[in-house]
Every structure is written in structure tokens, then in C-alpha cells.
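Worksheet: one structure, shown below.
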Amino acid sequence: MKVEIPSGAVYILVLQTLARLGPMHGYGIAQFIQQTTEDVFQVEEGTLYPALQRMLVKGWVKAEWRTTENNRRARYYTLTAAGRKQLAGAVREFRRATTAVERVIEPA
């Protein structure tokens, strides 16, 4: 079953993927997220590429054109120092929010 990615979580997923694996193209990022979450999250192109563009503008990632392993031209994204800082803060906030939700949904 496909689950909608919570607002803002796409940034955490993409930034963490780049932190873990290094420079990647958009399709590779989407595939890694889908595989790692065991198909729970599927990042669609219409979500991924606008998010990557916003992250470029914010300076969280940088991009360069390279040739893929399939000999195609693709834009590869790399995490920046600002992106690492953003990721750390976002993960803290996400964990805090998750803990709060768990408190509410735990049986009494």
C-alpha cells in the first residue's frame, strides 16, 4: 500500500539518502527511498524534482551534470554543509514530533 509522505519529510528522506550514499541522480534517490522503505514511500517525479530544485535554491544541495552508468546524461545532487546542518535539525524535529504522536496513540 502506498503511503503519502508527510509534508517536509521528503527533504529528510532525500538529504539522508545523499548523506548516506553520496552524489546521486534523482531516479537513484527515488529508487533508494522506495527500496529502503520497502515500498511504503514512493517519491514521484512531481514531488522529487520540485523538492530538489527548492533544496538547490536553499543551498542544501548542489548539482552537476554527469553521465550515468547507462551512458545517459543526468543531474547528480550532492549534499552541502548547509544541507547537513538542515538535515540534523530536521531529524531532531521529526523525532520529537514522532515521539509526541506516539504518546497520544499509545494505549492507556
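The values are calculated or read from the model by the stated rules, or taken from the named source; none is laboratory data. Model, not experiment: these values are computed from the prediction. In this analysis, Cβ positions are derived from the backbone assuming ideal geometry, glycine residues included, and neighbour counts consider all displayed protein chains.
Checking each residue in the stretch 16-61 for being assigned to a loop (DSSP other than H, G, I, E, B) and farther than 17 Å from Leu87 by Cα picks out Thr37, Glu38, Asp39, Val40, Phe41, Gln42, Val43, Glu44. Out of the residues in the stretch 49-72 meeting the condition of being modelled with pLDDT of 95 or more and β-branched (Val, Ile, Thr), tell me which one is farthest from the chain's Cα centre (by Cα). So, considering only residues that are modelled with pLDDT of 95 or more and β-branched (Val, Ile, Thr), the one farthest from the chain's Cα centre (by Cα) is Val57.
Scanning the stretch 39-53 for residues that are farther than 16 Å from Gln16 by Cβ and either without any contact (Cβ under 8 Å) to a residue 40 or more places away in the chain or touching a Ser or Thr at 6+ places or on another chain (Cβ under 8 Å) (or both) turns up Asp39, Glu44, Glu45, Gly46, Tyr49, Pro50, Gln53.
Restricting the stretch 67-93 to residues that are assigned to a loop (DSSP other than H, G, I, E, B) and without any contact (Cβ under 8 Å) to a residue 12 or more places away in the chain, the residue that is surrounded by the most Cβ atoms within 10 Å (Cβ to Cβ) is Arg72. With respect to the numbered conditions (1) out of contact with any His (no Cβ under 7 Å at 6 or more places or on another chain); (2) under 18 Å from Gly22 (Cβ atoms); (3) of a type in the set (Val, Ile, Thr), which one is the sole condition not fulfilled by Val91? Going through the list (1) out of contact with any His (no Cβ under 7 Å at 6 or more places or on another chain); (2) under 18 Å from Gly22 (Cβ atoms); (3) of a type in the set (Val, Ile, Thr), Val91 breaks only (2). Evaluation of Glu64 against the conditions (1) part of a helix (DSSP H, G or I); (2) under 17 Å from Thr80 (Cα atoms) shows that the sole unmet condition is (1).
One residue stands out in the stretch 12-57 among those that are under 23 Å from Asn70 (Cα atoms) and of a type in the set (Ser, Thr, Tyr): the one that is surrounded by the most Cβ atoms within 10 Å (Cβ to Cβ), namely Thr17.
Within the stretch 25-51, the set of residues being under 16 Å from Tyr76 (Cβ atoms) and of a type outside the set (A, V, I, L, M) comprises His25, Gly26, Tyr27, Gly28, Gln31, Phe32, Tyr49. When the test is whether a residue is aromatic (Phe, Trp, Tyr), without any contact (Cβ under 8 Å) to a residue 24 or more places away in the chain and closer than 24 Å to Thr98 by Cα, Phe32 passes it.
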